[in-house]
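Undergrad: Have a look at this one before I ask anything.
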Amino acid sequence: MKTLYLDVCVLCRPYDDQNQLRIRLETDAVFLILKRIETGLYRAVVSPAHYKEVGAIWETSERLEMESLLSRLDKSCECNLVQARHRAEALINMGFGIADAAHVAFAEQLAEFFITCDDKLLKRCTQAALRIAAMSPLEFIAQEKP
């Protein structure tokens, strides 16, 4: 079973403007990934960075739905907070933003795949030669067998 770390922008993709083709396609890919998690084909992991970022969503209904989704996805995972902090600091020194660095640091500990819709973050991940595969939801689904 593949273990996935879904960035918050992926989880929030259904709330973005669905009139844009790319966003609509990514939303469909996200729903497919979530369905496959629900059926047990994949396993999603959730980190403290997820809860921190989702807790800051100002739109109440979206925040509550995201908190509910996190609670459904959250599988008990042991993560080393000290190790994650040190790795995040190293990533920040490589040019990652604070939140992105935290997500990537946890993802490297907990998952095989880091999935994000953020093109700049994906580019940074590629340049940083992470210990984890980083890709968009569309790239992830495209590489999977039907």
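Each value in this text was obtained by applying a stated rule to the coordinates, not by laboratory testing. Everything numeric here is computed off the predicted structure, so don't read it as measured data. Backbone-built Cβ (ideal geometry, glycine too); neighbour counts: all protein chains shown.
Undergrad: Sort the following peptides by mean Cβ neighbour count (other Cβ atoms within 10 Å, averaged over residues), highest first: 82-90, 101-109, 29-37, 17-25.
TA: With the highest mean Cβ count within 10 Å placed first, the list reads 101-109, 29-37, 82-90, 17-25.
Undergrad: Sticking with this structure for a sec: Multiply the residue separation of Met94 and Leu138 by 0.36 nm, subtract the distance between their alpha-carbon atoms, and state the gained length in nm to one decimal.
TA: Using 0.36 nm per residue and subtracting the Cα-Cα distance, I get 13.2 nm.
Undergrad: Once the other residues with Cβ under 10 Å from the Cβ of Ala99 are scored (Lys, Arg +1; Asp, Glu -1), what is the net sum?
TA: In short, -2.
Undergrad: Given a Förster distance of 30 angstrom, what is the FRET efficiency for Lys2 paired with Leu81, based on the Cβ-Cβ distance and rounded to 0.05?
TA: Using R0 = 30 Å, I get an efficiency of 0.75.
Undergrad: While we're on this one: Give me the compactness ratio for the range 56-146, meaning the Cα radius of gyration over 2.2 N^0.38 Å.
TA: Dividing the Cα Rg of the range 56-146 by 2.2 N^0.38 Å gives 1.17.
Undergrad: Here's a follow-up. Semi-axes of the range 10-95's equivalent ellipsoid from the Cα gyration tensor, sqrt of 5 times each eigenvalue, largest first, rounded to whole Å?
TA: Over the Cα atoms of the range 10-95, the ellipsoid semi-axes are 25, 17, 15 Å.
Undergrad: Sticking with this one: Count the lysine pairs in the chain whose Cα atoms lie under 15 Å apart, taking only pairs 8 or more positions apart in sequence or on different chains.
TA: Close lysine pairs found across the chain: 4.
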